[in-house]
Structures are given as C-alpha cells and as structure tokens.
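Throughout, read-outs are computed from the coordinates displayed, never taken from laboratory work. Keep in mind that what you see is a predicted model, and the values were worked out from it rather than measured. For neighbour counting, all protein chains shown are included, and Cβ atoms are generated from backbone atoms with ideal geometry for every residue, glycine included.
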Amino acid sequence: MALAEVLIAVLVLAAAMVPVLFLFPSGARRSAFGEAHLRAHLRARALLGQAIDMAVRTGFRDLPENQSVPASDGSKGRETISFEPVRGFEGLWVVTAVVEWAAPLEDGGGGERSYQLQRLLHKSEQSLGADWPLVAGGER
Amino acid sequence: MRALRARETGGVGLPLLVVLTLLVLLAFLGFHQLYFASHVQAGSVRGAWGDVALAVAESAVEELMHRVKSDASDPSRALFHQLRKDVLAGQMGAMPILDSTRLDVAPRLLEQAPAPGAKIDWSSAEVAYQRQFEENPWERFGLIRYRARVSVDGSPGPRLVRELEVGQGFKVVSATVPRPFDQAAVYVGDLWSLTDPADVNRRRERYLAAVERHRGWLDQAMARAPAQLAERYSEARSAIPSGSELAGRVPVLPVTRPALLVASGHQGQEFPLDALDLARKLAAEEVDAAASEARVQGALAALDAAPASPSAHETLLSTLEQSLELLQGLMSRIWAFGEGYRVVGVEQPEYQALVRRHAGLWLDHWRRVAGFVLREEGGQTVQSRFDSLARRLGTLNGVVLCESPGGTMTLSGNLPGKLVLVVSGGHVVLDGTNGGARPQDLLTVVVLGGTVEVRGEVHAALVLASLPGEAAAGPPDSKALFAPGAVLRGGLVIERLGAGSVLAGSLFREEKYSSGPAGRGALADRYAVLVSPLAVYRKVAHR
C-alpha cells in the first residue's frame, strides 16, 4: 500500500514538474527580444555615445564613413560605427552603430544576427563658424 | 493505543503530506519563474525601447538645433532677422521659433528604429527669454528651449513615452566696432592725449604774424623797386590775403579741457595719421619755414646794400614767395584739421553722452559678450590657442577675448568671418592682416592697456582702450605704433592715446564697419548670433 502511494506521488510530481521546467532560461531564449539582443542594444548604445564624444573632441573632422572592428568582448562578431552626412543639411550627420554576432545553436542556430541604433548629430559649433553676406557700406 | 492507530492508518498520511508540500513548493517556484523572470525580461525590453525612444527624441532635438543654428546665420530666413531685432529692458524677449521647427530628417530614422511603432508625437523650439547686456538693445543673451516627445509600442504594457527638453544659451553681439563709435572714421576720446590744441593756436598766431611781416617786407621793397618790377610786386602783393581774411580761414581750435575728437568721412576717404598730432606735425614742418624766412631776411639785407639792383629785387621776390608758400602750407594743415575733425568740448552735452559710452570699450563689457575667452593654459600660449581655434572653426564670428597673452600676438594672413578680437595687456602686431579679406569679412582689433603695431596694409578697424586698475600690469592706456607708410583700411577708435605712440601712414574709412546709421536702428548683418555648443540643461521625462 505504502509503495503504491509513493509511486502515485512520484507520478503526480513528475507531471507537475514538466510545465515548470519550460519556464527556466532555455525556454526564454526563443523569445523575439532575448538576452543577446539586449546585450547588443547596450553595446550599440555605448558605441553611439563613444562615437559622438569622438566627433565632438575632434571638432567634427575626419569622421569615419564606415569603421568596423571585431567585437570588444572577444566573441565572433563585429561592431561598426558610421557617420553619414545628410544631403542638403550641411553640418548634420546620421550616426549609426551596428552590433553583429553569431547566433548560438539554442537560438535556432546558424547565421549572423545584427542590431542597429541610429541618432542624428549636428556640428555643435555651427553658429560660431557661420558665414553670411553684408549689406554694402552702412546703408539699409 | 498508539501502536493500534499506526497499524490502522498504514502510514497513508506521510507520503501525501510530502507530495502536497512539494507541489506547493513547485507551484511557488513556477509562479516565481513565470512572473518575475518574464517581468525582468519585459522590464529589460521596455528599458531598451525607452532608450530607442530617447535616441529618436535626441535626434529630433539635434535636427532642431541644426536648423536653428543654420537659419540664425541665413539672411533669407525669418529667424535671422527675428533674433537681431532689438529687445528693450523690461521685455521678456520670449518668442516661438516657428519657421525653423520642421523635421525632415529625424522622422526618416523611425523606419530603422528597432522599437516597434516609434513615433515623434511633437517637437518645438522657442526663445525662452532674452536680456540686454548693457545699453545696446541689439546686444543680448538668452536661452533657446528645445523639446521633443517620442512614443513607442510598449506591448504588453502601455506605450512608452520619452520627453526630452534641452536648453542652450545664445548671445547676439555686435561683430564690429561698438556703437556709437562705429559711426566715426576716427574717434579720440581725449584730444589732449593726441595733440596740444593750445600749442596749435599759438603757432597759428605766429604764422599769421609772419604773414604780416612778409607783407611789410614786400611793401618796403616795392617802394624802392625799379619801374619795370612794379607789376611783379603788385601781383605778389595781391596774392597775399588780408590779415582778417586769413584769420577767418584758419580756425582757432577749441582749447576746452577735456575734449574729444571725431571725424566721420565717406567711404574710402583718407586720413593721414601723422596729421592727427597736429602740434607735432606743425613743429616738424616749421623748420623749413623758419629756414625760408631766414633766406628772406638775407635777401632783404642784400637789397639794402643794392636797392636799385633788379637782381636783388628778383631774389627777394623769389624768397618771399617760397616763404609765403611754406607758411600757407602750415596754415592749410590747421584749416584741414578744422575741416576734417570736430572737437567736442566738455561743455557740450554730446561730450558726456559719448564719454559715458566708453564703458562699452572696457574689459568688463568684453567679458560679458565674449564667445571665447583664451588664456595661457597647460603650457599653451594664447597665440597658439587662438591659432588652433581659427583653424578648427575656419570662419570666426563674434568676440574672442585673449587675456594677458604674455609675449607678442602676431596676426598676419586672413581671418575670415566677422570677428572682434580683444587683447587685454600684451603686444599685438598687425602685419598685412586680412589683406585678402572678402567683402563680407569684418575684423575689429581691440587692444586694452597694451601696444599695437601696424605694418603694411591692414584691413581692420582698430580700437585702443584703457585697462586701469588691478588688471593693468603697466600704464593703463594703449599705445599705437604705426610703421611709416602703414595703411589701415577700416576705422580708428582711441579712448586715450598712450605716451610714446607713433602715428604714421594713413587710415582709409571703410563704411562696412558701421552697424547702421545713428538714430535709425541697427543693420542686422553686423550682429552675430552665437548659440552655445553646450547645453545649459537637459531633462528627460518618462511617461
């Protein structure tokens, strides 16, 4: 009798464990915005900040159109910063930070994943170096 | 009894109890994992989307800033003129910036935004307030406020909203000679530091007396002249104006003390600078006149020895004409000075009105309106810091104040832009500066309590003012050293000329240094609107 009770108890426990196991991290990896994306977002945000600091420090000179380097955490990925001048808006750039990484097998496997953040940046000293014509002489 | 109960129940309760306990624990674990883990994840996602919303808001503000800074320097845009209108004391000066708040670029970034449903709800830019620096209602400082609100889909939660507000300071400053001194080609706030008008008047009396002496000599000689020279003597006699006529033509300079000197002039008019110190100029040129008069006296002595000699008379006539011509030249200098310059004495209301405005030439004023203040720092001289700044910006506008530059600051080559360069203390050399200036370039060099050397042809307006008090390491007044043949194309404003100054060469008036006719408002394009590259504050609201 006691043995039968224990067996029943084990079966009930096993049945209850199954749905709980799916709630642990290996199940969460398959969501649309996972931990990897979150890491990529944080890294892209940091890259944007660094790029903007660099632009201000160098006086907006020699801004790279496309600068790609291996991922800073040593993984098989790449980080890219680019400054694209906006046509018709001299002194305004679109700054883009792209983080690329190789998706792990648990995430559906194979292929590159990428995450991109963009921001506009204007030349902060623009008004100090502006140019405009003068009315001739001192007349209105 | 106890043993009977245990046998009768057969131990059924214990496994059930264990299973129930474990089931409760598992349920708790499951609930925890389900709720908190997903909550953490959802929170992380919302945080990321919030960052994205903030980045879009920052982009919107960046585009607004770009547009405001561009339009503030474009005469074809309404904002250019709005920011250069006068704002009187007591007025708030707040105004919306309507024309410059359209967003063309930031909305394009929404397509690439990783956050779903990102939208720029609204954006705006306005001038929050403006205040005059001092008396000039066109020179002001103020604050521009930029705002943007961005929302993204925050599913499963409500929409995420980020509102960004950024404040940037700005200044509207004169990019030329300070008013009202920009109205003059030459302004000297203390005439007696420039020349001695009383001494000029004494010399004038001597010249008039000398002309009378020459007239007397001519009359004496004419009485003894041979008949064939009568007509010659008569012509020479009639060429000398009467004493009263001469005295009327050659003005007496006002000798009130203190007094100031002003000259307006037209575009391109020449002002010989050595003639500004009229007393010194006359003293130098009198040497020739004195020598010439001595030759007349020699000819008179020769005539006394041979009164009937025609050649002696010819010699006398010739030396008299030469001597009178030199006297005429000296008196013409006094006449030209009176024609070209106006002396304003302390008894005139205009004197007080002008002297009161000298404060606009002093260091305190420049410290308030300066866009950059350069000092020697970190082993870098003021000169090298200025050169770096000019190289970095390319075109320099507004006021750059160089404090105590130490050695010598040399400005050669071209400085494009509308720049007022203020140097307090120190030694400045202008050597062919801005010779290649474009018509829209303005360079005003202000020297406070220092020395300025002008060599070659310099296209600039020059302002010399004092640096009294603790700020002055040496004599408070500024000294000017013009090289022979130097040319200054612009204007000259001197508060008080320092001892040891040398004025040589010429000034040519450039009307573009005027910021507008007196009493008729200001020319907008003589004022620079400088928006600070740094934010005064930055606020982010989460909703």
Hey, can you rank B:398-411, B:211-224 by average C-beta count inside 10 Å, highest first? B:398-411, B:211-224
Peptide-level mean, for B:416-429, of C-beta atoms on other protein chains within 10 Å: 1
May I ask for the Kirkwood hydrodynamic radius of segment A:33-126, worked out over all distinct Cα pairs and given in angstroms to one decimal? 14.2
Taking the mean number of other Cβ atoms within 10 Å as a proxy for protection, how do you rank A:113-122, B:251-260, A:37-46 from highest to lowest? A:113-122, A:37-46, B:251-260
Semi-axes, largest first, in whole Å: what does sqrt of 5 times each Cα gyration tensor eigenvalue give for segment B:171-228? 52, 14, 5
Which pairs in the list A:K123/B:K418; A:K123/B:K512; A:K123/B:K171; B:K171/B:K512; B:K171/B:K479; B:K119/B:K171 are over 26 Å apart, alpha-carbon to alpha-carbon? A:K123/B:K512; B:K171/B:K479; B:K119/B:K171
Which value, to two decimals, describes the C-alpha radius of gyration of segment B:196-288 once divided by 2.2 N^0.38 Å? 1.48
Among B:E321, B:E270, which comes first, second and so on when ranked by fewest other beta-carbon atoms within 10 Å? B:E270, B:E321
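Note the direction-averaged projected area, equal to a quarter of the hull surface, for the Cα convex hull of segment B:362-514, in nm².
One quarter of the hull surface, i.e. the mean projection, equals 8.5 nm².
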Based only on other Cβ atoms within 10 Å, what is the fewest-to-most ordering of A:D62, B:D525? A:D62, B:D525
From the P(r) of segment B:113-269, could you give the percentage of C-alpha pairs in the tail past 21 Å? 75
Note on chain B: C-alpha Rg/Rh, Kirkwood Rh, two decimals, gives 1.36
Whose amide H sits under 5 Å from the amide H of B:E457, counting only residues 5 or more places off or on another chain, with H placed in the peptide plane? B:G432, B:V487
Tell me, what are the semi-axes, in whole angstrom and largest first, of the equivalent ellipsoid of segment B:388-440 as set by the roots of 5 times the Cα gyration tensor eigenvalues? 19, 13, 10
Expected-Rg normalisation [2.2 N^0.38 Å, Cα atoms] applied to segment B:124-179: 1.85
Peptide A:112-124, shielding by other chains (average Cβ, 10 Å cutoff): 6
Ordering B:296-302, B:239-245, B:272-278 by per-residue average of other C-beta atoms within 10 angstrom, highest first, gives B:272-278, B:296-302, B:239-245
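Quick check for me: using +1 on Lys/Arg Cβ and -1 on Asp/Glu Cβ, what's the dipole size of the protein assembly as shown about its Cα centre, in debye to the nearest 20?
My answer is approximately 2540 debye.
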Lys/Arg Cβ at +1, Asp/Glu Cβ at -1, dipole of the protein assembly as shown taken about the Cα centre: which of A:S82, B:A353, B:P254 is farthest positive-ward? A:S82
What's the average, rounded to a whole number, of partner chain beta-carbon atoms within 10 Å of each residue's beta-carbon in B:392-400? 4
Tell me which of B:L481, B:V186, B:M95 sits at the most positive position along the dipole axis of chain B, charges placed on C-beta atoms (Lys, Arg +1; Asp, Glu -1). B:M95
Cα convex hull of the protein assembly as shown: how many Å³ per residue? 236
Karplus-derived 3J(HN,Hα), 6.51/-1.76/1.60, for each residue of segment B:520-533, Hz, glycine and proline x: 10, x, 10, 7, 4, 6, 8, 10, 9, 9, 10, 9, 4, x
